[in-house]
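Notes to accompany the following structure.
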Amino acid sequence: MNNLKNENSSDAYETWLGMDRRSFLKFGGVSVGAAALVGLSACSPSQDNNVAAQKTPESAEANGISASVYDTDILLIGGGYGASWAMSEACKAGQNILVVDKAPYGFGGAFGMNFDILITWPNGAHYKSAEEAPKSRYIRKESLFANTAVDNDIEAAADVAVSNFGEILSDRNADGTPHWMYDVPQLPLRGFEHSMTRHWADHFRSQDFVTIHDRTMITDLIIENGQCLGAVGIHLPTGEYRVYRAKATVSSTGGCTQFFGWHSTSCTSNNTADNTADVEMSILRHGGRIADAEFSTYDLMGIYPRSFAASEGSMVGADSVHSRDLVDKNGKPLYEYDEIAEKKLLDTQEGVIQAMALVAAQGNGSENGGVFLKCTEESLSTMRWMYQRNAQLLKEKFGFDFAKELVEVVPEMYEHGGQPLVDDNAMCEDFKGLFVVRANSGSQGGNQNVTNRRMGRYAMIKALEYSKSYSAPKEVTYASVKTEIERLEDLRTRKINGSLRPITIRRSIQNACVIAASPVRPTDVLLKAQKELERIRKEDVPKMACDDDSRVYNADWKDAIETLNILELARLTIEGSLVREESRDSLVRPEFPEKDDDNWFCSIAYKMANDGTLSFEKITL
């Protein structure tokens, strides 16, 4: 292979689909026993070290459908919070990497909020061995959780690390020193708000070691003989197919919450609509296992005035820090409930959700299954800066005063489980060469900023080690690339009488899950959602077709691809919830109100057969 580096996609060499075996041999087949596919020579990424964004000069003609091919040592899927810590490790190691981001880089996920990200860390904590590292209180692989904390200088002073990313620590005391929103030496815990991750994006964009392909949606992983060899994607502005071949692939995508209900203008989440479990569902389609989909992370967020989304970026809410402002429909503070006080439920994030469930079960909740937020000027002044900003804007523009009126707050799902199983090196247990940042969150229901930071750093370190000892497979066909592009072409071009648009099917999925994916999941509600999702899969999905079959900025096409992923993740969520006959953390099963460690201190991992049927196994941790 030629070692071409850092070329722009506009002048990429093109390969052509439908290439026959004779053309394959003509244009660079390596061995007679390898199969031809989409013009890709049957070779793996170059054995050369430190390759990034290398274009391969292979070409053949057929059918007029093109794909650009890129070779890289390290492919990083995702460009947000966890990915930033992965990029940092690659840069420190002097390793070129290719980053593929679905959003415009710097504007995706929670990372893309670009203001008031809350960053916390165990200040001064440094562990020389896994035995020294604190244990998790959640169901997760403890050995991996401990490994991510060992020799982790970032955890001892995350403020210094992010300052090197361009963070300015804008929240300052009068003497100019940083103002810590949290500073609890005995835990230890320190944290600051007002983080402007836009500065991080500017920093990594300028690094010589980082090549970024943004606005590019990864639709499938390249899997052969149990090994991940890269990924396939679409450049969304142009519809160009892109094939990324890599020695090691690191997935750092955000948690998908887009199946969770609908309140006036959006699903009930602050998570970006771009996070649709694209990589995770690719793993599932290839026969890999996805675990912990029944768990999610919630905050309580306002849903009034109705024209505003239930999102911390645009509303006012109450997490565990301000839970003493929560009241029931009669105005009684939640902290006055005896059971809530005895169990100290208002002290933790999942505890607040359990407290809300307890109040609702007694008939004292709101009509939408939540409770109410009663703010005073004093309590509002101590809330996170973005809540104060939102309250001020809503008061100025719409005359709604949060300090004078009760606000209904409901569970807002801002993170979700549904992750591949990984080993102690953060590598997918089912597919060698695939390293995963958003993994091992277990019953916590998604990565928090500490876990994201640890896993981003650790997964890249292990991917770098793997790439240096990389041994190319003897025979590669890239058959899955052709299969994937045929699938995508069918979704774009199919014509069906009485068709349904992708967005219509997505709304049906969200309506099915509006209650079933909330923290409180009664069995009858889950069974109803299970039946509806199965109907959608068998009746609606075969009718799904795009109104527009163009390639350029085709939102329908993107919606179609995403809707299939959202459907499968919703199914995993409902199925896993039915199987887990206990209540744990933010998952409340009214028929099974207590934890059951004897039977359920485990992960529930699902596989999907070719016909779409699901099966699960318990993974003891």
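List the number of the failed condition for Q354; all other conditions in (1) farther than 17 Å from V520 by Cα; (2) open to solvent by less than 70 Å² (accessible area, probe 1.4 Å); (3) not in a loop (DSSP other than H, G, I, E, B) hold.
(1)
Go through Q95, Q47 for me and flag whichever is of a type outside the set (D, E, K, R), part of a loop (DSSP other than H, G, I, E, B) and modelled with pLDDT of 95 or more.
Values: Q47 fails: modelled with pLDDT of 95 or more.
Exactly one residue qualifies, and that residue is Q95.
Using the structure shown, decide if R198 is in contact with a strand residue (DSSP E or B) (Cβ under 8 Å, 6 or more places away or on another chain) and not hydroxyl-bearing (S, T, Y). Break it down into steps so the answer makes sense when it comes.
Working: in contact with a strand residue (DSSP E or B) (Cβ under 8 Å, 6 or more places away or on another chain): no; not hydroxyl-bearing (S, T, Y): yes.
When the stated conditions are applied, R198 does not pass them.
Among the residues that make up the stretch 416-432, is at least one of them touching a Leu at 6+ places or on another chain (Cβ under 6 Å) and not charged (D, E, K, R)?
Yes: one or more hits.
Kindly indicate whether any position in the stretch 484-498 is part of a helix (DSSP H, G or I), open to solvent by less than 60 Å² (accessible area, probe 1.4 Å) and in contact with a helix residue (DSSP H, G or I) (Cβ under 6 Å, 6 or more places away or on another chain).
yes
Any residue at all in the stretch 577-596 that's in a helix (DSSP H, G or I) and open to solvent by 10 Å² or more (accessible area, probe 1.4 Å)? It would help to see each step written out before you state the result.
Residues of the stretch 577-596 in a helix (DSSP H, G or I): 577-579.
If we keep only those that are open to solvent by 10 Å² or more (accessible area, probe 1.4 Å) too, we end up with 578-579.
Within the stretch 577-596 (the criterion being in a helix (DSSP H, G or I) and open to solvent by 10 Å² or more (accessible area, probe 1.4 Å)), the answer is yes, since at least one residue qualifies.
Out of E367, E429, I need the residue that is open to solvent by 30 Å² or more (accessible area, probe 1.4 Å) and either of a type in the set (A, V, I, L, M) or under 30 Å from S282 (Cα atoms) (or both). Which one? Full working, then the answer.
Details: E367 fails: either of a type in the set (A, V, I, L, M) or under 30 Å from S282 (Cα atoms) (or both).
Exactly one residue qualifies, and that residue is E429.
Cβ contacts < 7 Å: first residue closer than 10 Å to V316 by Cβ and touching a residue at least 40 places away in the same chain (Cβ under 8 Å), restricted to the stretch 381-397; second residue surrounded by 15 or more Cβ atoms within 10 Å (Cβ to Cβ) and among the β-branched types (V, I, T), any location; separation 6+ or different chain. Result?
Correct list of pairs: Y387/V316; N390/V316; A391/V316.
Residues that are touching a helix residue (DSSP H, G or I) at 6+ places or on another chain (Cβ under 6 Å) and within 30 Å of S471 (Cβ to Cβ): find the strands (runs of 3 or more DSSP E) completely inside the stretch 158-257 holding 1 or more of those.
210-213, 216-224, 227-235, 240-251
For residues in the stretch 526-557 being touching a residue at least 60 places away in the same chain (Cβ under 8 Å) and in contact with a Ser or Thr (Cβ under 9 Å, 6 or more places away or on another chain), which is surrounded by the most Cβ atoms within 10 Å (Cβ to Cβ)?
As a first pass, look at the stretch 526-557 and keep what is touching a residue at least 60 places away in the same chain (Cβ under 8 Å): 537, 550-554, 557.
Add one more test, that the residue is in contact with a Ser or Thr (Cβ under 9 Å, 6 or more places away or on another chain), and what stays is 551-553, 557.
Values: R551: 16, V552: 10, Y553: 13, W557: 24.
Selected residue: W557.
Across the stretch 187-204, what is the number of residues that are open to solvent by 10 Å² or more (accessible area, probe 1.4 Å) and at pLDDT 95 or above? Step through it out loud before you land on a result.
First, the residues of the stretch 187-204 that are open to solvent by 10 Å² or more (accessible area, probe 1.4 Å): 187-190, 193-194, 196, 198-199, 202-203.
Imposing the further condition that a residue be at pLDDT 95 or above reduces the set to 203.
Result for the stretch 187-204: 1.
The values are calculated or read from the model by the stated rules, or taken from the named source; none is laboratory data. Quantities reported herein were computed from a predicted structural model and do not represent experimental measurements. Don't worry about glycine lacking a Cβ; one is built from the backbone with ideal geometry, like all the others, and counts go over all protein chains shown. Heads up: the accessible areas ignore ligands, DNA and RNA and are worked out on the full protein's heavy atoms, side chains in. Shrake-Rupley method; radii C 1.70, N 1.55, O 1.52, S 1.80 Å.
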